[in-house]
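Notes to accompany the following structure.
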Amino acid sequence: LAQSLRNGSRANTVDVIRFESMSFADQIKSARQAHILIGNHGAGLTQLIFMDTSSHVLEFSTEGKDFFEYLADWTGVHHMPIAVADENFLDDSDVAKTVDLVNSLLSSL
């Protein structure tokens, strides 16, 4: 996905970060600097509470409305669920859908 975003999106920078390997201070800093946070449904998305209200969170999920959507609503961050068959494996259509969505979001910034 990261390589597809680098090649096929209008993003200036695409960083792959793993919150679980970062200090809490670095997690907050990374979330504050992100315009678009993309991730699987999971605890790492909780960092959206530190994002600017003009930011977007794209969540890969196999479920409907969930905790992170409510959290995003509460904090004012824009949340977009991306329905996938398996959160741990993205097929080509999931990647293409995500690149298109990121391009659309970047066009609106």
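The values are calculated or read from the model by the stated rules, or taken from the named source; none is laboratory data. Just so it is clear, the structure is predicted and the values come from calculations on it, not from any experiment. Ideal geometry is used to build each Cβ from the backbone, glycine not excepted, and the neighbour counts take in all protein chains shown. Quick note on the areas: whole protein, heavy atoms, side chains included, nothing else; ligands and nucleic acids left out. Shrake-Rupley method; radii C 1.70, N 1.55, O 1.52, S 1.80 Å.
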Inset, instruction - Exactly one condition in (1) touching a helix residue (DSSP H, G or I) at 6+ places or on another chain (Cβ under 9 Å); (2) of a type in the set (S, T, N, Q); (3) farther than 29 Å from Ser93 by Cβ is not met by Gln33; state its number. - result: (1)
Inset, instruction - Could you list all residues from region 58-79 that are within 20 Å of Arg32 (Cβ to Cβ), of a type in the set (A, V, I, L, M, F, W, C) and either in contact with a helix residue (DSSP H, G or I) (Cβ under 7 Å, 6 or more places away or on another chain) or surrounded by 18 or more Cβ atoms within 10 Å (Cβ to Cβ) (or both)? - result: Leu58, Phe68, Leu71, Ala72, Val77
Inset, instruction - Find the residue count for region 87-108, including only residues that are open to solvent by 60 Å² or more (accessible area, probe 1.4 Å) and touching a strand residue (DSSP E or B) at 6+ places or on another chain (Cβ under 9 Å). - result: 2
Inset, instruction - Identify all residues within region 40-57 that are buried (at least 20 other Cβ atoms within 10 Å of the Cβ) and either touching a residue at least 60 places away in the same chain (Cβ under 8 Å) or under 20 Å from Phe89 (Cβ atoms) (or both); write none if there are none. - result: Leu45
Inset, instruction - Evaluate region 9-17: report whether one residue or more is of a type in the set (A, V, I, L, M), farther than 20 Å from Leu71 by Cβ and open to solvent by less than 40 Å² (accessible area, probe 1.4 Å). - result: yes
Inset, instruction - With respect to Glu63, determine if the residue is without any contact (Cβ under 8 Å) to a residue 60 or more places away in the chain, in a helix (DSSP H, G or I) and either of a type outside the set (Lys, Arg) or under 17 Å from Ser108 (Cβ atoms) (or both). - result: no
Inset, instruction - Please specify each residue of region 1-30 satisfying the condition of being free of Cβ contacts under 8 Å to residues at least 24 places away in the same chain and in a helix (DSSP H, G or I). - result: Ala2, Gln3, Arg6, Asn7, Ser21, Phe24, Ala25, Asp26, Gln27, Ile28, Lys29, Ser30
Inset, instruction - Could you tell me whether Val84 is more than 20 Å from Asn7 (Cα to Cα), in contact with a helix residue (DSSP H, G or I) (Cβ under 6 Å, 6 or more places away or on another chain) and β-branched (Val, Ile, Thr)? - result: yes
Inset, instruction - Could you grab me the full set of residues in region 31-45 that are within 23 Å of Lys97 (Cα to Cα), in a helix (DSSP H, G or I) and not small (Gly, Ala, Ser)? - result: Leu45
